[in-house]
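Structure record follows, encoded as structure tokens.
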Ligand code: ADP
């Protein structure tokens, strides 16, 4: 595990599964616009949380790129889920701003709701095709900016799927 202190809060990078973060208040879903199960992170989160999540999501969809919305966590070990719609690389513009908005809005929502710890997957880097290194630069830079701005969120954990994604994020963090 790699970590860094920012303004009294902690930024962590770990390899793992976003549905298995027992000590975190809110995990982030790399959602689709309809907030439906699908593949990747969204599939795993909906499977683990159960059908009540899909019902709550129906009342909030659709969302637009860069937007974040909050639901309960249901059968996940986390009380909350923050659903973010990342940009589809090559289609939604400007991709860098839209991706940054996801991280910004997620942390702002957490701040408003008194959520103290958040787990993020690497939004947009799966089915949505964003190159991992480019996305990691935006993700890490934006989270660091937001942690400097707010006091409420004490821990942000990036939960990376596989050794390679963890290594890329570590390298990018060292360069910032
Ligand atoms: P998007 O549609 O935003 O690209 P995906 O869910 O397809 O979202 O993928 C986002 C990233 O999350 C990819 O790097 C993918 O490998 C990773 N990922 C997939 N399943 C999980 C999981 N259970 N926990 C954490 N990361 C995951």
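The values are calculated or read from the model by the stated rules, or taken from the named source; none is laboratory data. As the structure is a computational prediction, the values presented were derived from the model and not from experiment. Note that each Cβ is placed from the backbone with ideal geometry, even for glycine, and that neighbours are counted across all protein chains shown.
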Original post:
Which of the strands (runs of 3 or more DSSP E) contained wholly in region 1-83 include at least 1 residues that are modelled with pLDDT of 95 or more, under 16 Å from residue 118 (Cα atoms) and out of contact with any helix residue (DSSP H, G or I) (no Cβ under 9 Å at 6 or more places or on another chain)?
Top reply: 2-6, 9-15
**OP:** Determine which member of the set 115, 107, 123 is assigned to a loop (DSSP other than H, G, I, E, B), touching a residue at least 12 places away in the same chain (Cβ under 8 Å), more than 13 Å from the ligand (Cβ to nearest atom) and in contact with a helix residue (DSSP H, G or I) (Cβ under 8 Å, 6 or more places away or on another chain).
**Re:** 115
**OP:** Can you give me the number of residues within region 45-55 that are over 14 Å from the mean Cα position of the chain (by Cα) and buried (at least 19 other Cβ atoms within 10 Å of the Cβ)?
**Re:** 4
Original post:
residue 59 is checked against (1) within 19 Å of residue 132 (Cβ to Cβ); (2) away from the ligand (no atom under 12 Å from the Cβ) and fails just one. What number does that condition carry?
Top reply: (1)
Original post:
Among the residues of region 15-37, which ones are more than 8 Å from the ligand (Cβ to nearest atom) and either buried (at least 16 other Cβ atoms within 10 Å of the Cβ) or under 13 Å from the mean Cα position of the chain (by Cα) (or both)?
Top reply: 15, 21, 24, 25, 26, 27, 28, 29, 35, 37
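Could you check how many residues of region 136-176 are in contact (Cβ under 8 Å) with a residue 60 or more places away in the chain and part of a helix (DSSP H, G or I)?
11
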**OP:** Go through 6, 45 for me and flag whichever is touching a strand residue (DSSP E or B) at 6+ places or on another chain (Cβ under 9 Å), within 16 Å of the ligand (Cβ to nearest atom) and touching a residue at least 24 places away in the same chain (Cβ under 8 Å).
**Re:** 45
